[in-house]
Amino acid sequence: MKKLTYLTFSLFSIFSFAQEVSRERINTVLATLASDEMKGREIGTQENENAANYIAKLFKENNLEYCTGNSYLVPFNYKGKTVYNVCGVKKGKTDKYLGFSGHFDHIGTSNKSGDNIYNGADDDASGITTLVGISDYFKNEKPEFSMVFMAFNGEEKGMLGSRAISEDKALDKIYNNMTALFNFEMVATESQFGKNALFMTGDEFSDLDELFNKNAVNGLKIHPDPYASEQLFYRSDNVNFVKKKIIAHSFSTVDMTKASHYHNESDDLHVVDFENLTQIINNLGKTLKKINPQNFNPKYNDKVNFN
């Protein structure tokens, strides 16, 4: 009888943790995107397209559906050339959507001698790894919300990709039912609030962080933006969805007071706290598993500027 009880407990333990995303998986995804072979993923380059195809491959592995057409790659025009955003859908128990996004382009290479590659491990391979990690977490789950995963291109050139995909009429069915967009921007380091903590840009404009924190598990917490004077809410891809009056904020861990790697060749794997990032991704997954359209319906207040 004791053996049976132990076996039952063991199986329950294995099942309970079956969907957790491994540190090795997080390392592989981020290291691939931030590799020297990707040459900084500047929009319009072959390496940028390689990054888009790699993300599409990850979406396929996680059994996501196409957002539109017959491909995860969603084309738009950049200086007369076809470039791509990447988009995939996970159908949930309701037709209400949560969006998860980040940008995969960075600023390429310089002409200097020595290390001239802007690998962009934090900016924003870490954000893409986060949304891929969430799709990993729900690979064999049916969440309460449906989910759309969007990897934006051209953020470094004026948020071009997020603007293009936000204006894509083929996605209006999703946008019209989108409860909120979580845009991940530079989440590779420990925040000034410590581990297992993010901050939300534009926290004064909606109650998303309050509602999320009510359901957050294992000590995960979203803090108010400590760099409000930087106007980060209007400086990342979330802003193109704010203009559509969709609840859309960026989430980050970067300490702006000492982020010497920002737009620097030093933004490579050595800046990444893989243990912290893995913990955040899994706790995001566990929290998202708890929320539903009844307990999570954030609203903007009258302080936000939609222009």
(request) Check A228 against each of (1) among the aliphatic types (A, V, I, L, M); (2) in contact with a Phe, Trp or Tyr (Cβ under 9 Å, 6 or more places away or on another chain); (3) within 22 Å of D123 (Cβ to Cβ) and name the one condition it does not meet. (result) (2)
(request) Mind listing just one residue for me: the one in segment 233-254 that is among the hydrophobic types (A, V, I, L, M, F, W, C), assigned to a helix (DSSP H, G or I) and in contact (Cβ under 8 Å) with a residue 40 or more places away in the chain and, of those, farthest from A180 (Cα to Cα)? (result) V239
(message) For Y227, only one of the following conditions fails: (1) surrounded by fewer than 24 Cβ atoms within 10 Å (Cβ to Cβ); (2) touching a residue at least 40 places away in the same chain (Cβ under 8 Å); (3) aromatic (F, W, Y); (4) farther than 24 Å from T278 by Cα. What is its number?
(response) (2)
(request) Report yes if some residue within segment 280-296 is out of contact with any strand residue (DSSP E or B) (no Cβ under 6 Å at 6 or more places or on another chain), surrounded by 15 or more Cβ atoms within 10 Å (Cβ to Cβ), without any contact (Cβ under 8 Å) to a residue 60 or more places away in the chain and of a type in the set (A, V, I, L, M, F, W, C); otherwise report no. (result) no
(request) Using the structure shown, decide if I128 is β-branched (V, I, T), in contact (Cβ under 8 Å) with a residue 60 or more places away in the chain and either farther than 22 Å from E49 by Cβ or part of a loop (DSSP other than H, G, I, E, B) (or both). (result) no
(request) Tell me, yes or no, whether segment 1-15 has at least one residue that is over 23 Å from E275 (Cα atoms), at pLDDT below 50, in a loop (DSSP other than H, G, I, E, B) and more than 19 Å from the chain's Cα centre (by Cα). (result) yes
(request) For segment 191-203, state whether one or more residues are in contact with a helix residue (DSSP H, G or I) (Cβ under 7 Å, 6 or more places away or on another chain) and either without any contact (Cβ under 8 Å) to a residue 12 or more places away in the chain or among the β-branched types (V, I, T) (or both). (result) yes
(request) Scan segment 131-147 and give yes if some residue there is under 13 Å from the mean Cα position of the chain (by Cα), closer than 17 Å to N85 by Cα and not in a helix (DSSP H, G or I), otherwise no. (result) yes
(message) Checking S206 against (1) over 22 Å from A121 (Cα atoms); (2) without any contact (Cβ under 8 Å) to a residue 12 or more places away in the chain; (3) of a type in the set (G, A, S), only one condition comes out false. Which one?
(response) (2)
(request) Could you identify the single residue in S191, S206 that is small (G, A, S) and farther than 20 Å from V254 by Cα? (result) S206
(request) Would you tally the residues in segment 183-197 being crowded, with 23+ Cβ neighbours inside 10 Å and assigned to a strand (DSSP E or B)? (result) 2
(request) Return yes when A180 is under 19 Å from the mean Cα position of the chain (by Cα), among the hydrophobic types (A, V, I, L, M, F, W, C) and either part of a helix (DSSP H, G or I) or more than 23 Å from V272 (Cα to Cα) (or both) and no when it is not. (result) yes
(request) Being out of contact with any strand residue (DSSP E or B) (no Cβ under 6 Å at 6 or more places or on another chain) and assigned to a strand (DSSP E or B) is the filter; apply it to segment 61-101 and report the residue that is modelled with the lowest pLDDT. (result) T68
(request) Within segment 216-231, count every residue that is in contact with a helix residue (DSSP H, G or I) (Cβ under 7 Å, 6 or more places away or on another chain) and among the hydroxyl-bearing types (S, T, Y). (result) 0
(message) Tell me yes or no: at least one residue of segment 86-108 is out of contact with any helix residue (DSSP H, G or I) (no Cβ under 7 Å at 6 or more places or on another chain) and without any contact (Cβ under 8 Å) to a residue 12 or more places away in the chain.
(response) no
(message) I'm checking my understanding of the structure. Among residues of segment 207-224 that are assigned to a loop (DSSP other than H, G, I, E, B) and among the aliphatic types (A, V, I, L, M), which one is surrounded by the fewest Cβ atoms within 10 Å (Cβ to Cβ)?
(response) V217
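The values are calculated or read from the model by the stated rules, or taken from the named source; none is laboratory data. Fair warning: this is a prediction, and the values are worked out from it, not measured in the lab. Glycine also receives a Cβ, built like all others from the backbone with ideal geometry; neighbour counts cover every protein chain displayed.
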